[in-house]
Amino acid sequence: MKNIITSISAILVLWIFALNSYAQAPAGYYTAAQSLSGYAKKTALFNIINKNYPSTTAAPINIGYGSLYAAYQGTGSYPSTGTDKKTNGQVWDMYSDNPTGTPPYVFTWGQTCGSYSAEGDCYNREHSMPQSWFVSASPMVSDLFHIYPTDGKVNGIRSNYPYGKVGTATTTTLNGSKLGNSISAGYTSTVFEPIDAYKGDLARGYFYMATRYENIIGSWQNNGTANNILDGSSNQVFDQWQLDLLYSWHLADPVSAKEISRNNNIFAIQGNRNPYIDNPLWVADVWGFSAPAPGVQFAAVTGIITEPATGNTIYNVNVVANSTVAFTINLAVGIASTATAGATNDYVLTTTTPISFAANQTSQTVSITVNADAIVETDETVILILSSPSAGVPLLTNSTHTLTIKDYVVPPPVQTPTTIFTFNTTCPGGLGTFSQFSVTDPTKVWACTTFGRPVTGTTTPNTAGVQMNGGSATASVANEDWLISPALTVTSNYKMDFWSRTKFAGGGLGLDIKISTNYTGTGDPNLATWVTLANLEDDDADIWIQNPQIDISSYAGAGRYIAFVYKCIAATPSQGARWTLDDVAFYDNSTLPPSLTASPLILTNFGTVATGAFSSVQTYTLTGVNLTTNTTVTAPANFQVSKDAITFSPSIIYTPAEMTTVQTVSVRFAPTSAVVGAKSGNITNVSATLSQNVAVSGTETAPVVAPTLATTPTTLIFGTITTNASSAVQTYSL
């Protein structure tokens, strides 16, 4: 039944909203529900979102489970912005993202699961309402509003547990999501708790599901673990403990720009909307909660943006409000005293202030233009400050917003393969210029497969790859098979890499990558001399991996052969490993333009060091490509650099020969100015016209004065004294 929750009344004042009422939906879309309240409003919303707009009869489009990845990315006929694509083009995974810092890892679109063994291996499709609750039926199984791209490992950790507030975590993921016992009143079993930044997203997805499937969701209660959160009704839908939790998450994590964009993109795909993103107040209206107190604030306390390489980029933050009257709020901008961001040079506030809200308007966007510059610098901070709201609307907790501007990092040059073997034009008719030789068990050999690597940025497989499987369904089979390249001409700058995928770890000996300078191109390769370049383990991950480049420049010359050697021992019941290879690429780095790259470009503050003393050592790497002149590394005043972390000096020099390998530069803070205060500057790394700066900083303090002890005079002479007699008294000062 309806319930006004008193347990969360303390956070009602924190309510914030992030969308103009009806601003994103077509005019009149919600007219039939607007004047209603309670469950009557929910039923009216069901009738609206259960249709494919503008049709009044057709159901929303069911894109099918297999099309979810394409919709996430925005390929094919789907909106190019994608439903879950970050502005940098990467996968937006709420189980690994860190909106206020650096994510522990990020996914590109080709990293779909397969299997996985650790976080960061791959991503798949997370049904926030587990499939078992609706027995994988359509259209729920492919409804984008509750299915998100998430890390495969974390998806498995979440399993089909309810969302909840964790007391003691048994598992904590790399971005801080937790699995553990529930501490919500009314439920004490295991729950999964995402990070705060995405709790509202998931809650509003649940409110959508309760509305979109109002006519059938009551029948899901006894499916799988659904009884943990569902009450079996079509009205309230959720058990009270879950409803209370979802509403508190809805309040604490307001609608974000991410959700607004996702809602709009799904509308373009499915033809329906999430009404609780468009109108956040309707959650309280439908389920009978107390309306939040009037107020205005930023939708987020902090934000991060990376300075562009050139030109400028726009950063947006929402000012959100809950008020039924018109009001105006002024926006001032301040800069943190510890930051270096400056108006005009670093950023421009491009929103006209004061900004004005109309009656019932819940959101305004504030925009900052962030400018590129050529300066290597530490993080900069811009602080936006809300002030002077009119009409009696109070400022709430988030009355300031701190934007951190991170410096642009120059990417290394992009390498284009001199030669690449994709097998697309040679398979399935044959291996083309590659050959195979079976030493043991000629019934199992390297052969073409249509199980090729997906094209970068898509989930569509290539037409072909090559594959070897040394086992039956129940056991591995003794096997040795060679996949051998055509004759190659290797230069003094040659490197190679390739993509691989392996499944079934039992009974395998891994995959050897070898090179020969005397193989003739035919016959038993064991009769030639081969050098092992690398060995890859049978890891059973079943995901595509681009193996790091292997330097083969020391084998320069014509008539060189690369071999992939598969070996397997007979074992029962172990199943032989299956190896799949694709896109074997060779690079002649002599074709790359000269480049010089330092990483990282900013070292951690060296802290407080006394004049004449030394800090602990920090390091950065220098990578050079095709350099022809010396690279000179020069430290600013009060800092020193070293090649070996032993001998330090104001500058060091690397020859072009040294720069053919990655060099590690050691740095220490060695203040000598005898002036107390902050010291900073850039280490310059210069080779001809190429340069990279590394920013350093520290604070110099007064030298520590060593303790001393002195006497005056230093010698006392008492003369000749008879036994048992006493001399005259003498004194000295200390």
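The values are calculated or read from the model by the stated rules, or taken from the named source; none is laboratory data. All of these numbers come straight from a predicted model, not from anything done at the bench. FYI the Cβ positions are ideal-geometry reconstructions off the backbone, even for glycines, and counts take in every protein chain you see. We work out accessible area using only protein heavy atoms, side chains counted, and drop any ligands, DNA or RNA first. Shrake-Rupley method; radii C 1.70, N 1.55, O 1.52, S 1.80 Å.
Residue check, Ile683 against (1) touching a Gly at 6+ places or on another chain (Cβ under 8 Å); (2) crowded, with 17+ Cβ neighbours inside 10 Å, all met but one. Which one?
Here Ile683 meets the rest and fails (1).
Out of Val694, Val641, Val662, report the one residue that is within 33 Å of the chain's Cα centre (by Cα) and open to solvent by 60 Å² or more (accessible area, probe 1.4 Å).
Details: Val694 fails: open to solvent by 60 Å² or more (accessible area, probe 1.4 Å); Val641 fails: open to solvent by 60 Å² or more (accessible area, probe 1.4 Å).
Every option except Val662 fails the conditions.
Name every residue in region 566-587 that is outside any strand (DSSP E or B), of a type outside the set (A, V, I, L, M, F, W, C) and surrounded by fewer than 23 Cβ atoms within 10 Å (Cβ to Cβ), in order of residue number.
Thr572, Pro573, Ser574 - these are the residues of region 566-587 that are outside any strand (DSSP E or B), of a type outside the set (A, V, I, L, M, F, W, C) and surrounded by fewer than 23 Cβ atoms within 10 Å (Cβ to Cβ).
Taking the criterion of being charged (D, E, K, R) and free of Cβ contacts under 8 Å to residues at least 24 places away in the same chain, would at least one residue in region 631-648 satisfy it?
The answer is yes, given that some residue of region 631-648 is charged (D, E, K, R) and free of Cβ contacts under 8 Å to residues at least 24 places away in the same chain.
Which of the residues spanning region 232-277 are part of a loop (DSSP other than H, G, I, E, B) and either without any contact (Cβ under 8 Å) to a residue 12 or more places away in the chain or under 29 Å from Gln73 (Cα atoms) (or both)?
Across region 232-277, the qualifying residues are Asp253, Pro254, Val255, Ser256, Gly271, Asn272, Arg273, Asn274.
Could you pull out the residue among Thr225, Thr310, Thr306 that is touching a residue at least 24 places away in the same chain (Cβ under 8 Å), touching a strand residue (DSSP E or B) at 6+ places or on another chain (Cβ under 6 Å) and of a type in the set (Ser, Thr, Tyr)? Let's see the steps before the verdict.
Values: Thr225 fails: touching a strand residue (DSSP E or B) at 6+ places or on another chain (Cβ under 6 Å); Thr310 fails: touching a strand residue (DSSP E or B) at 6+ places or on another chain (Cβ under 6 Å).
Just a single option satisfies the conditions, and that option is Thr306.
Take region 474-492 and flag every residue that is among the hydrophobic types (A, V, I, L, M, F, W, C) and open to solvent by 40 Å² or more (accessible area, probe 1.4 Å). Spell out the reasoning first.
Let us first name the residues in region 474-492 that are among the hydrophobic types (A, V, I, L, M, F, W, C), namely 475, 477-478, 482-484, 487-488, 490.
Passing the criteria: Val477, Ala478, Ala487.
Does any residue in region 89-101 that is modelled with pLDDT of 85 or more come within less than 9 Å, Cβ to Cβ, of a residue that is polar (S, T, N, Q) and open to solvent by 50 Å² or more (accessible area, probe 1.4 Å) six or more places away or on a different chain, and which pairs are these?
Pairs found: Gln90/Thr108; Val91/Thr108; Val91/Gln111.
Would you mind finding the one in Gly205, Gly218, Gly180 that is assigned to a helix (DSSP H, G or I) and without any contact (Cβ under 8 Å) to a residue 60 or more places away in the chain? Quick ask: steps written out before the conclusion?
Working: Gly205 fails: without any contact (Cβ under 8 Å) to a residue 60 or more places away in the chain; Gly180 fails: assigned to a helix (DSSP H, G or I).
After ruling out the rest, the residue left standing is Gly218.
Identify the residue in region 161-175 that is touching a residue at least 60 places away in the same chain (Cβ under 8 Å) and open to solvent by less than 60 Å² (accessible area, probe 1.4 Å) and, among all such residues, is farthest from Asn228 (Cα to Cα). Spell out the reasoning first.
Within region 161-175, the subset touching a residue at least 60 places away in the same chain (Cβ under 8 Å) is 161-165, 173-175.
Imposing the further condition that a residue be open to solvent by less than 60 Å² (accessible area, probe 1.4 Å) reduces the set to 162-164, 173, 175.
Working: Pro162: 7, Tyr163: 10, Gly164: 11, Thr173: 23, Asn175: 26 Å.
Checking each candidate, the answer is Asn175.
Within the group Ser590, Ser553, which residue is open to solvent by less than 50 Å² (accessible area, probe 1.4 Å) and of a type in the set (Ser, Thr, Tyr)? Steps first, answer last, please.
On the way: Ser590 fails: open to solvent by less than 50 Å² (accessible area, probe 1.4 Å).
After applying the criteria, what remains is Ser553.
Mind checking which pairs have a first residue in region 619-630 that is under 15 Å from Val694 (Cβ atoms) and a second that is of a type in the set (Asp, Glu) and assigned to a strand (DSSP E or B), Cβ under 8 Å, 6 or more apart or different chains?
Within 8 Å, no pair qualifies.
Hey, can you tell me all the residues within region 632-648 that are more than 14 Å from Val696 (Cα to Cα), in a loop (DSSP other than H, G, I, E, B) and not β-branched (Val, Ile, Thr)?
Answer for region 632-648, where residues must be more than 14 Å from Val696 (Cα to Cα), in a loop (DSSP other than H, G, I, E, B) and not β-branched (Val, Ile, Thr): Lys643, Asp644, Ala645, Phe648.
Is region 619-631 home to any residue that is assigned to a loop (DSSP other than H, G, I, E, B), open to solvent by 60 Å² or more (accessible area, probe 1.4 Å) and under 10 Å from Ala670 (Cα atoms)?
Within region 619-631, none of the residues are assigned to a loop (DSSP other than H, G, I, E, B), open to solvent by 60 Å² or more (accessible area, probe 1.4 Å) and under 10 Å from Ala670 (Cα atoms).
Applying the selection to region 349-395, what residues are open to solvent by less than 50 Å² (accessible area, probe 1.4 Å), over 25 Å from Thr313 (Cα atoms) and touching a Phe, Trp or Tyr at 6+ places or on another chain (Cβ under 8 Å)?
Hits for region 349-395 are Phe357, Thr362, Pro389, Ser390, Val393.
How many residues does region 320-348 contain that are β-branched (Val, Ile, Thr), open to solvent by less than 20 Å² (accessible area, probe 1.4 Å) and modelled with pLDDT of 85 or more? Even if it seems obvious, please write down each step before you answer.
The initial filter retains those residues of region 320-348 that are β-branched (Val, Ile, Thr), namely 320, 324-325, 328-329, 333, 335, 338, 340, 344, 348.
Adding the requirement that they be open to solvent by less than 20 Å² (accessible area, probe 1.4 Å) leaves 320, 329.
With modelled with pLDDT of 85 or more added as a condition, the list becomes none.
Qualifying residue count for the region: 0.
Since Thr211 meets every condition but one in (1) of a type in the set (Val, Ile, Thr); (2) open to solvent by 10 Å² or more (accessible area, probe 1.4 Å); (3) outside any loop (DSSP other than H, G, I, E, B), which condition does it not meet?
(2)
List, please: which pairs have Cβ atoms under 6 Å, are six or more places apart or on different chains, and start with a residue in region 577-591 that is within 17 Å of Leu509 (Cα to Cα) and end with one that is among the charged types (D, E, K, R)?
Here the result reads Ala577/Asp538; Arg578/Lys503; Thr580/Arg501, each pair linking region 577-591 to a residue that is among the charged types (D, E, K, R).
Can you tell me which residues in region 593-607 are within 20 Å of Gly681 (Cα to Cα) and either surrounded by 14 or more Cβ atoms within 10 Å (Cβ to Cβ) or within 28 Å of the chain's Cα centre (by Cα) (or both)?
Leu596, Thr597, Ala598, Ser599, Pro600, Leu601, Ile602, Leu603, Thr604, Asn605, Phe606
Can you name the condition, by its number, that Leu12 falls short on among (1) at pLDDT 50 or above; (2) open to solvent by 20 Å² or more (accessible area, probe 1.4 Å)?
Failed condition: (1).
With respect to Tyr78, determine if the residue is touching a Ser or Thr at 6+ places or on another chain (Cβ under 9 Å), assigned to a loop (DSSP other than H, G, I, E, B), surrounded by 17 or more Cβ atoms within 10 Å (Cβ to Cβ) and at pLDDT 90 or above.
yes
Please indicate, with yes or no, whether at least one residue in region 573-586 is aromatic (Phe, Trp, Tyr) and under 29 Å from Val376 (Cβ atoms).
no
Just checking, does region 416-428 include any residue being surrounded by fewer than 16 Cβ atoms within 10 Å (Cβ to Cβ), modelled with pLDDT of 90 or more and of a type in the set (S, T, N, Q)?
yes
Within region 114-135, take every residue that is assigned to a loop (DSSP other than H, G, I, E, B), within 28 Å of Pro60 (Cα to Cα) and out of contact with any His (no Cβ under 9 Å at 6 or more places or on another chain) and give me the one that is modelled with the lowest pLDDT. Step through it out loud before you land on a result.
Quick first cut of region 114-135, residues assigned to a loop (DSSP other than H, G, I, E, B) only: 114-122, 128-130, 135.
Applying the additional criterion that residues be within 28 Å of Pro60 (Cα to Cα) yields 128-130, 135.
If we keep only those that are out of contact with any His (no Cβ under 9 Å at 6 or more places or on another chain) too, we end up with 130, 135.
Working: Pro130: 95, Val135: 92.
The residue in question is Val135.
Tell me yes or no: at least one residue of region 519-539 is in a loop (DSSP other than H, G, I, E, B), touching a Gly at 6+ places or on another chain (Cβ under 7 Å) and closer than 27 Å to Thr108 by Cα.
Yes, some residue in region 519-539 is in a loop (DSSP other than H, G, I, E, B), touching a Gly at 6+ places or on another chain (Cβ under 7 Å) and closer than 27 Å to Thr108 by Cα.
Go through region 608-618 and report how many residues are among the aliphatic types (A, V, I, L, M) and either open to solvent by 50 Å² or more (accessible area, probe 1.4 Å) or at pLDDT below 90 (or both).
Of the residues in that region, 1 qualify.
Out of all the residues in region 544-565, is one or more aromatic (Phe, Trp, Tyr), assigned to a strand (DSSP E or B) and in contact (Cβ under 8 Å) with a residue 40 or more places away in the chain?
Yes, some residue in region 544-565 is aromatic (Phe, Trp, Tyr), assigned to a strand (DSSP E or B) and in contact (Cβ under 8 Å) with a residue 40 or more places away in the chain.
Say we look at region 493-541 and pick out the residues that are in contact with a Cys (Cβ under 8 Å, 6 or more places away or on another chain) and open to solvent by 20 Å² or more (accessible area, probe 1.4 Å); which of these is farthest from Phe564 (Cα to Cα)?
Gly508
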